[in-house]
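Everything below concerns the one structure shown next.
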Amino acid sequence: MKEFLKSFFNETFWKFIVVGLINTAVGMGVMYLYYNLINDNTFIAFALNIICGSTVSFFLNKNFTFKKKGSTGSSVVKFVINIVACYI
């Protein structure tokens, strides 16, 4: 059990957690700034939260957490489908 926990809570796990915190802060920050400065529709503010947070998440996870090199084409499509499915 100790070996399992050690392998599960590895460096990649902690990087993923940090990226999650950063993309949440960015998304929420954009949402609150938009809503409080422009005082517009909450739906638009929430949509901007999802778009900005997801974008930050994709690029940080690709380059920092998992260090994937090369084309982002198919990865982006899969990621967008996932985000849209979660949003719905």
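The values are calculated or read from the model by the stated rules, or taken from the named source; none is laboratory data. Since the structure is predicted, the reported quantities are computational estimates derived from the model, not experimental observations. Here the Cβ is made from the backbone with ideal geometry for all residues, glycine too, and neighbour counts use every protein chain on show. Just so you know, the surface numbers come from the protein's heavy atoms only, side chains and all, with ligands and any DNA or RNA stripped out. Shrake-Rupley method; radii C 1.70, N 1.55, O 1.52, S 1.80 Å.
Go through segment 24-42 and count every residue that is under 24 Å from Phe59 (Cβ atoms) and either touching a Phe, Trp or Tyr at 6+ places or on another chain (Cβ under 9 Å) or among the charged types (D, E, K, R) (or both).
Step one: of segment 24-42, the residues under 24 Å from Phe59 (Cβ atoms) are 24-34.
Now narrow it down to the ones that are either touching a Phe, Trp or Tyr at 6+ places or on another chain (Cβ under 9 Å) or among the charged types (D, E, K, R) (or both): 31.
Residues flagged as under 24 Å from Phe59 (Cβ atoms) and either touching a Phe, Trp or Tyr at 6+ places or on another chain (Cβ under 9 Å) or among the charged types (D, E, K, R) (or both) within segment 24-42 amount to 1.
So which residues in segment 5-34 are open to solvent by 50 Å² or more (accessible area, probe 1.4 Å), of a type in the set (Ser, Thr, Tyr) and over 13 Å from the mean Cα position of the chain (by Cα), if there are any at all?
Ser7, Thr12, Tyr32
In segment 35-88, what residues are farther than 19 Å from Ile22 by Cα, among the basic types (Lys, Arg) and either surrounded by 14 or more Cβ atoms within 10 Å (Cβ to Cβ) or in contact (Cβ under 8 Å) with a residue 12 or more places away in the chain (or both)?
If the condition is that a residue be farther than 19 Å from Ile22 by Cα, among the basic types (Lys, Arg) and either surrounded by 14 or more Cβ atoms within 10 Å (Cβ to Cβ) or in contact (Cβ under 8 Å) with a residue 12 or more places away in the chain (or both), then no residue fits.
Taking the criterion of being of a type outside the set (Ser, Thr, Tyr) and touching a Lys or Arg at 6+ places or on another chain (Cβ under 8 Å), would at least one residue in segment 28-47 satisfy it? Show your work before the answer.
Within segment 28-47, the subset of a type outside the set (Ser, Thr, Tyr) is 28-31, 33, 36-41, 43-47.
This time we only want the ones that are touching a Lys or Arg at 6+ places or on another chain (Cβ under 8 Å), so: none.
No: zero hits.
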